[in-house]
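Following: one structure in structure tokens, then a few remarks.
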Amino acid sequence: MTDDPYRDAALVELYDLDNPGGGDHAYYRALADEIDAGSIIDLGCGTGLLTRALAGERRTVIGVDPSRTMLDYARRQPGSGSVIWIHGDASALRHDGNADLAICTDNAIMHVSPVPWWPQERRNPTLHAVLVHEIQETARHAGHADIIREYIDGAVGLREGVSNLPADADAATWEEHYAKLDQIARSVSSGTAS
Ligand SMILES: C[S@@+](CC[C@H](N)C(=O)[O-])C[C@H]1O[C@@H](n2cnc3c(N)ncnc32)[C@H](O)[C@@H]1O
């Protein structure tokens, strides 16, 4: 995790006043109700204003954030006991876990950077660059998710020699990664996922 831009406790105290939530929070609450979400992950939950609003008796809500200051504030707020708070980024979540709904709201996604295995000059993409990359990738694969296209092709990356993968990822690593994803997908389809 990189340096925390939200480490100033005095500013964090003001965050909810500046970002009180409105139609966006109402939308996520309605979505959670509509799909009857029993479990929700809020990645980059910050002060947890929305996270706490999503919590309910029949629902497990997990708030994840790498900022200690944001998370400490969230933990002090009324209703925080109904949420499971995790300090960290997405890598702190169980890899074999699942949720009915995962959200990442209010610019939190713009912090998901750098991409360590991208070339130095492009390692810190803007949100705009990431979105363009994803749109272009999806179009190039005729709408296939990467994992399906890679499975069909038996290859990854843009072209030979440009794998777009971490340098230390050898064939065995990716076979292991594929097996892990395959196992997760099978456990979801058979209803045994935890
Ligand atoms: C603009 S705040 C949004 C907070 C909250 N989601 C909201 O709607 O108010 C961005 C949050 O993203 C968190 N963040 C930063 N880097 C992150 C990462 N790599 N993964 C997840 N969250 C991250 C920050 O600590 C901060 O709390």
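Bear in mind these aren't lab numbers, they're just calculated from the coordinates by the rules spelled out. Quick caveat, the model's predicted, so the values are computed rather than measured. Counting neighbours? That spans all protein chains shown, and the Cβs are built from the backbone with ideal geometry, glycine included.
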Quiz prompt | residue 159-residue 3 FRET efficiency (beta carbon distance; Förster radius 30 Å; 0.05 resolution) | solution = 0.30
Quiz prompt | Neighbour-limited loop hits for GluC sites (Glu not before Pro), the stretch 1-78 (at most 14 other Cβ within 10 Å; DSSP other than H, G, I, E, B) | solution = 57
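Run through the DSSP bridge list for the chain and note the antiparallel percent, rounded to the nearest 5. Don't jump to the answer; show the numbers that get you there.
Working: 2 of 15 bridges.
Roughly 15 percent of the beta bridges in the chain run antiparallel, per DSSP.
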Practice problem: Would you mind telling me which residue in 163, 80, 67 has the biggest mean-square fluctuation in a Gaussian network model of the chain, where springs connect alpha carbons within a distance under 10 angstrom? | Solution: 163
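Report the longest stretch of the chain that contains none of the trypsin sites (Lys or Arg not before Pro) sitting in a DSSP loop with at most 10 other Cβ atoms within 10 Å. The partial results should precede the final answer.
Numbers: sites that count: 58, 94.
With trypsin sites (Lys or Arg not before Pro) excluded where exposed in loops, the chain gives 95-194 as its longest stretch.
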Quiz prompt | Along principal axes, Cα extents of the chain, largest first, whole Å | solution = 53, 43, 28
Exercise. Treating only the Cβ atoms of Lys and Arg (+1) and Asp and Glu (-1) as charged, compute the dipole magnitude of the stretch 1-119 about its Cα centre; round to the nearest 20 debye.
Key: 300 debye
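For residue 17 and residue 98, compute 0.36 nm times the residue count separating them, minus their Cα-Cα distance, and round to one decimal in nm.
Values: separation 81, 0.36 × 81 = 29.16 nm, distance 3.23 nm.
Contour length minus Cα-Cα distance gives 25.9 nm.
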Quiz item: In the Gaussian network model of the chain, springs joining C-alpha atoms below 10 Å, which of 72, 153, 100 carries the largest mean-square fluctuation?
Solution: 153
Quiz item: In Å, the Kirkwood hydrodynamic radius of the stretch 11-82 over pairs of distinct alpha carbons?
Solution: 12.5 Å
Quiz prompt | GNM result for the chain, Cα springs below 10 Å: residue of 37, 90, 167 fluctuating most strongly | solution = 167
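Provide 138, 51, 105 in ascending order of the number of other Cβ atoms located within 10 Å of each residue's Cβ, fewest first. Don't skip to the end; give the middle numbers.
Values: 138 14, 51 29, 105 20.
The order, fewest Cβ neighbours first, is 138, 105, 51.
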